[in-house]
1. Under 7 Å between Cβ atoms, at least 6 apart or on separate chains: pull out the pairs that start in the stretch 15-33 with a residue that is of a type in the set (Ser, Thr, Tyr) and end on any residue that is part of a helix (DSSP H, G or I).
2. Any idea which of ALA109, ALA129 is without any contact (Cβ under 8 Å) to a residue 60 or more places away in the chain, more than 23 Å from VAL31 (Cα to Cα) and within 17 Å of the chain's Cα centre (by Cα)?
3. Looking at this structure, is GLY64 in contact with a helix residue (DSSP H, G or I) (Cβ under 8 Å, 6 or more places away or on another chain), touching a residue at least 60 places away in the same chain (Cβ under 8 Å) and not basic (Lys, Arg)?
4. Would a scan of the stretch 45-55 turn up a residue that is in a helix (DSSP H, G or I) and in contact (Cβ under 8 Å) with a residue 40 or more places away in the chain?
5. Mind checking which residues of the stretch 151-174 are farther than 21 Å from GLY133 by Cβ and more than 15 Å from the chain's Cα centre (by Cα)?
6. Taking the stretch 67-95, which residues are of a type in the set (Asp, Glu) and either in contact with a Gly (Cβ under 9 Å, 6 or more places away or on another chain) or free of Cβ contacts under 8 Å to residues at least 60 places away in the same chain (or both)?
7. With the structure loaded, tell me whether VAL31 is β-branched (Val, Ile, Thr), assigned to a helix (DSSP H, G or I) and modelled with pLDDT of 95 or more or whether it fails that test.
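The values are calculated or read from the model by the stated rules, or taken from the named source; none is laboratory data. All figures in this text were calculated on a predicted structure; none of them were measured in a lab. Methodologically, a virtual Cβ is constructed for each residue, glycine included, from the backbone with ideal geometry; neighbour enumeration extends over all protein chains shown.
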Amino acid sequence: MGTRTAAGLSARERLLAAANELFYAEGVHTVGIDRVIERAGVAKASLYNTFGSKDELVKAYLEGRHARMRDRVGRYLERSDAPRDKLLGVFEAQGELFAEPTFRGCAFASASAESPGPAVSQATANYRAWMRGLLTGLAREAGAADPEALGHQLHMLWDGASLSTRMDGSTSEAAAAARAAAQTLLDAALAGR
């Protein structure tokens, strides 16, 4: 894990915390490496020894956001045994995210638009594959006749809700609309069995 400071965080942990705060709030392209280093309170060599480059730091930042989303969604999935409720819980987890005062949209969409390099592309592809797979798997468990099609539709709904919240600032409205639309899509898919 590396050398720990008096505050208990290693240089890697402090760099990731600073990157998460700055990259998400201001953008991966806009924030220079010197600002991340200053915010983390580490030497420049710590960044390069730990990550090798800014691109790898950005990738680690995105991987951290992916892990936090898996954890958030996982908490909602544990609340029910019913596949239908689990699937709708994914959108409730998204609504919880929208309600955070620091929500600024999808970190993966922003990073892909700002800095479309191989590291960002890989982290984004992994996140999107996870989300699509989760939604498709839950659609299959719920008994949808065409779980792949429903998973694709729900993924588009997930993306659109995030964009709408970011662009319109309508956190509770977008979250409620996304969940209601997911329920309508799911009910229609189950009625067509």
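1. Going by the 7 Å Cβ cut-off, the qualifying pairs are TYR24/ALA107.
2. On the way: ALA109 fails: more than 23 Å from VAL31 (Cα to Cα).
Going through ALA109, ALA129 in turn, just one is without any contact (Cβ under 8 Å) to a residue 60 or more places away in the chain, more than 23 Å from VAL31 (Cα to Cα) and within 17 Å of the chain's Cα centre (by Cα): ALA129.
3. On the way: in contact with a helix residue (DSSP H, G or I) (Cβ under 8 Å, 6 or more places away or on another chain): yes; touching a residue at least 60 places away in the same chain (Cβ under 8 Å): no; not basic (Lys, Arg): yes.
When the stated conditions are applied, GLY64 does not pass them.
4. yes
5. SER164, MET167, ASP168, GLY169, SER170, THR171, SER172, GLU173, ALA174
6. We begin by selecting, within the stretch 67-95, every residue of a type in the set (Asp, Glu); these are 71, 78, 81, 85, 92.
Across the stretch 67-95, the qualifying residues are ASP71, GLU78, ASP81, ASP85.
7. Details: β-branched (Val, Ile, Thr): yes; assigned to a helix (DSSP H, G or I): no; modelled with pLDDT of 95 or more: yes.
When the stated conditions are applied, VAL31 does not pass them.
For (1) more than 20 Å from ASP159 (Cβ to Cβ); (2) surrounded by fewer than 16 Cβ atoms within 10 Å (Cβ to Cβ); (3) at pLDDT 95 or above, each residue gets a yes or a no:
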position: ALA67; (1), (2), (3): no, yes, yes
position: ARG70; (1), (2), (3): no, yes, yes
position: ARG75; (1), (2), (3): yes, yes, yes
position: ARG84; (1), (2), (3): yes, no, no
